[in-house]
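The values are calculated or read from the model by the stated rules, or taken from the named source; none is laboratory data. Just so it is clear, the structure is predicted and the values come from calculations on it, not from any experiment. Counting neighbours? That spans all protein chains shown, and the Cβs are built from the backbone with ideal geometry, glycine included. In case anyone asks, the SASA skips ligands and DNA or RNA and just uses the protein heavy atoms, side chains included. Shrake-Rupley method; radii C 1.70, N 1.55, O 1.52, S 1.80 Å.
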Amino acid sequence: MRARLVLLHRWLGLATLAFLILASATGSILAWHDELDAWVAPELLRTPATSVALAPMVPAVLRDIVVAAYPQGRVLAIPLARHPGKTVAFPVWLTDPGSASPVLLEVFIDPATGLIQGDRRWGDPTDGLKNLLPVIHRLHTSLLAGSTGEWVLGVVALLWTLDCFIGAFLTFPARAAKRRAGGPAKSWLARWRAAWALRVSSRGYKLGFDLHRASGLWLWVLLLGMAWSSVAFNLPAVYRPVMGVWLDQQPDLRRALRQSASGSKTSMDWEQALTQGRRHMATMTEEKQLGIVGEHWLAFDPRANLYRYTVRSTQDIRDKTGSTHVFFDAADGKLRGVQLPTGGVAGDTATLWLTSLHMAALWGWPLQLAVSILGIVVVVLSVTGWIIWRRKRQARTTRPVHAAPRAQAAR
């Protein structure tokens, strides 16, 4: 069985090698997404110093300005979070005759003056340097290939998860140690301890082997968490049933609400919807004894004729985004559903923690640095694994050549 697992470990590593290197390298960069994006595209994300002291405009008015500037697009959400010195990014969906799906345009507006500072076609490699971070994000999440790329990376993440367990098993001592003359045999734990060590004095192949084995062991829990959270992002059809074996999960509330939509037409404008969302959120947070840290989002789903009002509450764990939602009917304003990020269903809480750690979305720069380093470690593991395979392959292919003269001499 061990020989078969070695073979499986080898081929799983080779099959996922290029994908893991790409995803890990881009992930190390994306841990600093906001900082790098502001550095690369300051003309889009930063407001003039003169507008910092001004009071922000009404959110619905800002949306009207964007709609007037982009009449060909659909503006289905209003970002509500405000940060001094920063613009607000409105998502505008455009119909592209050359594409089967709408194109997302990010429009950046000064919340104090209503001045549109620019836009970018999110994740379009041809849209210049200002689109660098969105392009890296698309590479990381979908290989720039849409849903097909997401599925491919989901399969890679699933294979990586499996390989984490195989790799850990292969570090275990293969067989009982032989008893030394005049002394006791080493215990299993003592022999396994060697797998955790890095022989600093070694060079070349031995150093690469030690790096591959020891770093994989020391960081095994983190690597497994990164692999399994990647499955959560890209292959939820596998992730949810597996997690459901151990933890309860709330059904997909948005999908359920779409399926039960009444089909009525919208009769509430955005300003009314914001007022209604705040009212529902205030009632809900009072009932559940939650605090509101800040507003985050107001979005409209035309398929279900629903508004979704989102805040960052005391139940949220991410530093900058909120996941506390209330859903209400766009026609009559009745509350249709509530979704909390943590403290409700154990499976949802675990998933939020897992994905937030993956994204370095909490605890500030220490976690960002840790995620960046972990991405580099995955690259090192992938490269050293390839070196080990190549060295062994060369040894196998050259062995018969050296064996032939010995065979002739024996004759």
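Inspect all residues belonging to region 119-133 and state whether any of them is in a loop (DSSP other than H, G, I, E, B), within 22 Å of Pro42 (Cα to Cα) and either open to solvent by 50 Å² or more (accessible area, probe 1.4 Å) or touching a residue at least 24 places away in the same chain (Cβ under 8 Å) (or both). Yes: region 119-133 contains one or more residues that are in a loop (DSSP other than H, G, I, E, B), within 22 Å of Pro42 (Cα to Cα) and either open to solvent by 50 Å² or more (accessible area, probe 1.4 Å) or touching a residue at least 24 places away in the same chain (Cβ under 8 Å) (or both).
Of all residues in region 226-237, those that are crowded, with 18+ Cβ neighbours inside 10 Å and either under 26 Å from Ala194 (Cα atoms) or out of contact with any helix residue (DSSP H, G or I) (no Cβ under 7 Å at 6 or more places or on another chain) (or both) total 2.
So that you can scan it fast, the table gives a plain yes or no per residue for (1) modelled with pLDDT of 75 or more; (2) open to solvent by 60 Å² or more (accessible area, probe 1.4 Å); (3) of a type in the set (Val, Ile, Thr); (4) in contact with a Cys (Cβ under 6 Å, 6 or more places away or on another chain):
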| residue | (1), (2), (3), (4) |
| --- | --- |
| Val155 | yes, no, yes, no |
| Thr171 | yes, no, yes, no |
| Arg180 | no, yes, no, no |
| Trp192 | yes, no, no, no |
| Val200 | no, yes, yes, no |
| Lys206 | yes, yes, no, no |
| Ser215 | yes, no, no, no |
| Leu219 | yes, no, no, no |
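Test Ala53 against the criterion of being among the small types (Gly, Ala, Ser) and open to solvent by 80 Å² or more (accessible area, probe 1.4 Å), and give yes or no. Considered against the rule, which asks whether it is among the small types (Gly, Ala, Ser) and open to solvent by 80 Å² or more (accessible area, probe 1.4 Å), Ala53 comes out as yes. Going by the conditions given, is Val338 over 16 Å from Pro79 (Cβ atoms), open to solvent by 30 Å² or more (accessible area, probe 1.4 Å), in contact with a strand residue (DSSP E or B) (Cβ under 7 Å, 6 or more places away or on another chain) and among the hydrophobic types (A, V, I, L, M, F, W, C)? It is true that Val338 is over 16 Å from Pro79 (Cβ atoms), open to solvent by 30 Å² or more (accessible area, probe 1.4 Å), in contact with a strand residue (DSSP E or B) (Cβ under 7 Å, 6 or more places away or on another chain) and among the hydrophobic types (A, V, I, L, M, F, W, C). Of the residues making up region 31-52, those that are part of a helix (DSSP H, G or I) and either in contact with a Leu (Cβ under 8 Å, 6 or more places away or on another chain) or touching a residue at least 60 places away in the same chain (Cβ under 8 Å) (or both) are His33, Asp34, Leu36, Asp37, Ala38, Val40, Glu43, Leu44, Leu45, Ser51.
Do we find that Leu374 is modelled with pLDDT of 90 or more and closer than 20 Å to Cys164 by Cβ in this structure?
yes
Of the residues making up region 11-47, those that are over 15 Å from Val378 (Cα atoms) and open to solvent by 60 Å² or more (accessible area, probe 1.4 Å) are Trp11, Trp32, Asp34, Glu35, Trp39, Glu43, Arg46.
In region 311-327, the qualifying residues are those that are polar (S, T, N, Q) and in contact (Cβ under 8 Å) with a residue 40 or more places away in the chain, and the one that is most open to solvent (accessible area, probe 1.4 Å) is Thr321.
Among Thr342, Thr349, which is closer than 29 Å to Val221 by Cβ, free of Cβ contacts under 8 Å to residues at least 24 places away in the same chain and not aliphatic (A, V, I, L, M)?
Result: Thr349 is the single residue among Thr342, Thr349 that is closer than 29 Å to Val221 by Cβ, free of Cβ contacts under 8 Å to residues at least 24 places away in the same chain and not aliphatic (A, V, I, L, M).
Of note, Ala330 does not satisfy the criterion of being hydrophobic (A, V, I, L, M, F, W, C), surrounded by fewer than 21 Cβ atoms within 10 Å (Cβ to Cβ) and either at negative phi or out of contact with any Gly (no Cβ under 9 Å at 6 or more places or on another chain) (or both). In the set (1) closer than 28 Å to Val88 by Cα; (2) part of a helix (DSSP H, G or I), Leu144 fails one condition alone, (2). Tally time: how many residues in region 238-259 are of a type in the set (Phe, Trp, Tyr) and open to solvent by less than 60 Å² (accessible area, probe 1.4 Å)? Here the count works out to 1. Under the condition of being closer than 26 Å to Val52 by Cβ and among the hydroxyl-bearing types (Ser, Thr, Tyr), the residues counted in region 71-120 number 2. Contact annotation: residue pairs with Cβ atoms under 7 Å, 6 or more positions apart or on different chains, pairing a residue in region 276-287 that is within 15 Å of Leu298 (Cβ to Cβ) and in contact (Cβ under 8 Å) with a residue 40 or more places away in the chain with a partner that is of a type in the set (A, V, I, L, M, F, W, C) and crowded, with 20+ Cβ neighbours inside 10 Å, are Gln276/Phe328; Gly277/Leu298; Gly277/Val326; Gly277/Phe328; His280/Val326; His280/Phe328; Met281/Val311; Met281/Val326.
Of the residues Ala60, Ala55, Ala68, Ala25, the single one that is of a type in the set (A, V, I, L, M, F, W, C), farther than 21 Å from Asp119 by Cβ and not in a loop (DSSP other than H, G, I, E, B) is Ala25. Of all the listed residues (Ala68, Ala60), the sole one being in contact with a strand residue (DSSP E or B) (Cβ under 9 Å, 6 or more places away or on another chain), among the small types (Gly, Ala, Ser) and more than 27 Å from Thr148 (Cβ to Cβ) is Ala60. In the set Ala273, Ala282, Ala299, only one residue is over 30 Å from Leu158 (Cα atoms), part of a helix (DSSP H, G or I), of a type in the set (A, V, I, L, M) and in contact with a strand residue (DSSP E or B) (Cβ under 6 Å, 6 or more places away or on another chain); that residue is Ala273.
Would you mind finding the one in Pro79, Pro59, Pro102, Pro111 that is surrounded by 17 or more Cβ atoms within 10 Å (Cβ to Cβ), touching a Ser or Thr at 6+ places or on another chain (Cβ under 8 Å), closer than 26 Å to Ser323 by Cα and not hydrophobic (A, V, I, L, M, F, W, C)?
Going through Pro79, Pro59, Pro102, Pro111 in turn, just one is surrounded by 17 or more Cβ atoms within 10 Å (Cβ to Cβ), touching a Ser or Thr at 6+ places or on another chain (Cβ under 8 Å), closer than 26 Å to Ser323 by Cα and not hydrophobic (A, V, I, L, M, F, W, C): Pro111.
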